[in-house]
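Chemist: Take a look at the following structure, please.
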Amino acid sequence: MDSLIQKAQVDEGNVIAKKSIKTIESGDLAPLSDATKKKRLSGTSDYLNRGHKPRRTTDMTPLKYTGRLINSIEVTDKGVDMFDYGKFHNEGIGEPKREFIAKPGSSQIKTEEIEVAKRFVNSMNRTMKK
């Protein structure tokens, strides 16, 4: 039973991670400030001390400057993990608020969650028949 629950949690995490990445890639977030746009065009950053390795780019998609945030999103046994600054951006802590993390139970991922629940119930039924 524990392994079935664990599998369902990982499946749910994959749904959240994929939707969160898709939201960033869509660019459907609050736009960048003029100052941030200038930094991207010149290849500079305020976060060099955090391992940020900027490069010149004309891509003005919020949260996608170096790709580090998207690449850091991963599903673990405990849920979805990412670099801490992703959560700061999502919640608007010291950064402009750009909610990109899909929330369990939200309409954004309802269809996928229904499929996860169906697979979980089917797995339980199969296990109980054994």
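The values are calculated or read from the model by the stated rules, or taken from the named source; none is laboratory data. As the structure is a computational prediction, the values presented were derived from the model and not from experiment. Here Cβ is always computed from backbone atoms with ideal geometry, including for glycine, and neighbour counts include all displayed protein chains. In case anyone asks, the SASA skips ligands and DNA or RNA and just uses the protein heavy atoms, side chains included. Shrake-Rupley method; radii C 1.70, N 1.55, O 1.52, S 1.80 Å.
Chemist: Could you list the GluC sites (Glu not before Pro) in the stretch 69-108 that lie in coil according to DSSP, counting only those with at most 14 other Cβ atoms within 10 Å of their Cβ?
Modeler: In loop regions of the stretch 69-108 (DSSP not H, G, I, E or B), the sparsely surrounded GluC sites (Glu not before Pro) are GLU99.
Chemist: I'd like to check one number: the per residue accessible area of the stretch 12-130, probe 1.4 Å, reported in Å² as a whole number.
Modeler: Heavy-atom SASA per residue in the stretch 12-130 reads 66 Å².
Chemist: Of all accessible surface on the stretch 28-110 at a 1.4 Å probe, what whole percent is carbon and sulfur?
Modeler: 50
Chemist: In addition: Pulled fully out, how much extra length does the chain show between SER107 and ASP28, if you take 0.36 nm times their separation in residues and subtract their Cα-Cα distance? Kindly include the intermediate steps, with their values, before the conclusion.
Modeler: Values: separation 79, 0.36 × 79 = 28.44 nm, distance 1.64 nm.
The span from SER107 to ASP28 would gain 26.8 nm if fully extended.
Chemist: Rolling a 1.4 angstrom probe over the protein chains, ignoring ligands and nucleic acids, what is the accessible area of LEU69 in square angstrom, nearest 10?
Modeler: Here the accessible area works out near 10 Å².
Chemist: Which of the DSSP-defined H helices in the chain satisfy a minimum axial length of 24 Å, computed from C-alpha atoms, and a minimum mean Kyte-Doolittle hydropathy of -0.5?
Modeler: On the way: long enough: 2-26 (36 Å, -0.39); 110-129 (29 Å, -0.95).
Those that clear 24 Å and a mean of -0.5 are 2-26.
Chemist: Can you compute the FRET efficiency between THR36 and LYS78 using 1/(1 + (r/R0)^6), with r the Cβ-Cβ distance and R0 = 35 Å? Round to the nearest 0.05.
Modeler: Efficiency computed from Cβ-Cβ geometry: 0.65.
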